[in-house]
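Asks: Can you keep this structure in mind? I'll have questions shortly.
Each reported figure results from applying straightforward, stated rules to the coordinates on display, with no laboratory input. The model shown is predicted, which means the values in this text are computed figures rather than measured ones. Here Cβ is always computed from backbone atoms with ideal geometry, including for glycine, and neighbour counts include all displayed protein chains.
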Amino acid sequence: MLEAIAEEIRRCTRCALAQGRMNAVPGEGAADADIMFIGEGPGAAEDKQGRPFVGPAGKLLDELLQDAGLPREQVFIANIIKCRPPGNRDPRPEEIRACREYLDGQIAALNPQVICPLGRPATQTLLDPKAAMGKVHGRPFERDGILYVPIYHPAAALHNPGLRPALVEDFKKLIALIEHHLQ
Ligand code: SF4
């Protein structure tokens, strides 16, 4: 099911982002993952490789996962949009809407117990269009039997090193919540 969705994404021309991409980035990870990380969209490195979170933000995410004892291979990592916006601008509402069916399909196929939206666009798309990261980061929200824990996007901590301690703290909370939730 996940591979069928990925194939569809690679051929997709539903929104204008198809025109500028080198590769669509469907997402990757364990087909039986209990935990799903959902970021904003592919950047330059991801567009080049067709894989999610392989640039500098991905390196930081890998470090956080490693420190948490959560191997990347055991989780599923995706984005709310699957093609790179020009210049890494924020995804537009119509692009998020056009791509939503793929993300919903991935969530349905995986049926994860915990979803971790990374950053504002993913959090607003998945939880609340008015959510402010300063208020919701590191807090758990239960919805339809899934535990949502929004945290800052690793890229935000790279742009603003002052956010890094909050991200590290959020990750610790996330791991504690996961351990509790998956018991
Ligand atoms: S961003 Fe999503 S909807 Fe737009 S072309 Fe890529 S896969 Fe299709």
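Asks: Rounded to the nearest 500, what is the chain's calculated 222 nm mean residue ellipticity when only DSSP H runs of at least 4 contribute -39500 (n - 2.57) each, over all residues? Show your work: numbers first, answer last.
Replies: Values: 9 runs with 85 residues, N = 183.
Rounded to the nearest 500, the figure is -13500 deg cm²/dmol.
Asks: Lys and Arg at +1, Asp and Glu at -1: add these up for the other residues within a Cβ distance under 12 Å of Tyr148 and post the number.
Replies: Counting the neighbours of Tyr148, the net charge comes to -1.
Asks: Are there any trypsin sites (Lys or Arg not before Pro) in the range 82-111 that are in a DSSP loop and have at most 16 other Cβ atoms within 10 Å? List them by number. List each step's numbers first, then the result.
Replies: On the way: sites: Lys82, Arg89, Arg97, Arg100; in loops: Lys82, Arg89.
The qualifying sites are Arg89.
Asks: Determine the dipole magnitude for the range 42-183: charges of +1 sit on the beta-carbon of Lys and Arg, -1 on that of Asp and Glu, nothing else is charged, the reference point is the Cα centre, and the result goes in debye to the nearest 20.
Replies: Details: 18 positive and 17 negative charges, 75 e Å.
About 360 debye.
Asks: Convert each backbone phi in the range 142-154 into a coupling constant with the Karplus relation 6.51 cos²θ - 1.76 cosθ + 1.60 (shift: θ = phi - 60°), then list the ³J(HN,Hα) values in order as whole Hz, x for Gly and Pro.
Replies: 9, 8, 6, x, 10, 8, 9, 10, x, 9, 4, 6, x
Asks: A further question on this structure: Note the angle between two axes, namely the Cα long axis of helix 164-181 and the longest principal axis of the Cα atoms of the chain, as a number of degrees from 0 to 90, rounded to the nearest 10.
Replies: 80 degrees
Asks: What are the chymotrypsin sites (Phe, Trp or Tyr not before Pro) within the range 88-183 that DSSP puts in a loop, where the Cβ has at most 10 other Cβ atoms within 10 Å?
Replies: Working: sites: Tyr102, Phe141, Tyr148, Tyr152, Phe171; in loops: Tyr152.
In loop regions of the range 88-183 (DSSP not H, G, I, E or B), there are no sparsely surrounded chymotrypsin sites (Phe, Trp or Tyr not before Pro).
Asks: With point charges of +1 on the Cβ of Lys and Arg and -1 on the Cβ of Asp and Glu, referenced to the Cα centre of the chain, which listed residue (Val54, Ala31, Pro161) lies farthest in the positive direction of the dipole?
Replies: Final value for the positive-end residue is Pro161.
Asks: Can you tell me how the range 1-81 classifies by the Cα gyration tensor, rounded, prolate or oblate, using a/c under 1.5 as the rounded cut?
Replies: Values: a/c = 2.70, a/b = 1.49, b/c = 1.82.
Oblate, since a/c reaches 1.5 and b/c is not below a/b.
Asks: Label-point separation (nm) for Ala44 and Arg97, each offset 7 Å from Cα along Cα-to-Cβ?
Replies: 3.2 nm
Asks: Counting pairs on different chains as well as pairs 8 or more places apart, how many Lys pairs in the range 2-181 have Cα atoms under 24 Å apart?
Replies: Lysine pairs meeting both conditions in the range 2-181 amount to 9.
Asks: Please compute the net charge surrounding Ala131, taking Lys and Arg as +1 and Asp and Glu as -1 over other residues with Cβ under 13 Å from its Cβ. Working shown, then result.
Replies: Details: positive: Arg120, Lys130, Lys135, Arg139, Arg143; negative: Asp128.
So the environment of Ala131 carries a net charge of +4.
Asks: For Gly55, list long-range residues whose amide hydrogen, built 1.01 Å from N in the peptide plane, is under 5 Å from its own amide hydrogen.
Replies: Those lying under 5 Å, H to H, from Gly55 are Glu46.
Asks: Same structure, new question: Between 0 and 90 degrees, rounded to the nearest ten: what's the tilt of helix 2-11 against the longest Cα principal axis of the chain?
Replies: The angle comes out near 40 degrees.
Asks: Something else: If a/c stays under 1.5 just call it rounded; otherwise compare a/b with b/c (prolate if a/b is bigger, oblate if not). Do that for the range 43-183, with a ≥ b ≥ c from the square roots of the Cα gyration tensor eigenvalues.
Replies: Numbers: a/c = 1.33, a/b = 1.13, b/c = 1.18.
It comes out rounded by the Cα gyration axes.
Asks: Run the numbers on the range 1-61 and let me know its relative contact order in percent, using alpha-carbon pairs under 8 Å that are six or more apart.
Replies: Values: 50 pairs, mean separation 17.9, N = 61.
Dividing the mean separation by the residue count of the range 1-61 yields 29 percent.
Asks: Here's something else I'd like to know. Once you keep just the Cα pairs under 8 angstrom separated by 6 or more residues, what percentage relative contact order results for the chain? Could the numbers behind the result be given before it?
Replies: Numbers: 319 pairs, mean separation 41.7, N = 183.
In percent, rounded to a whole number, it is 23.
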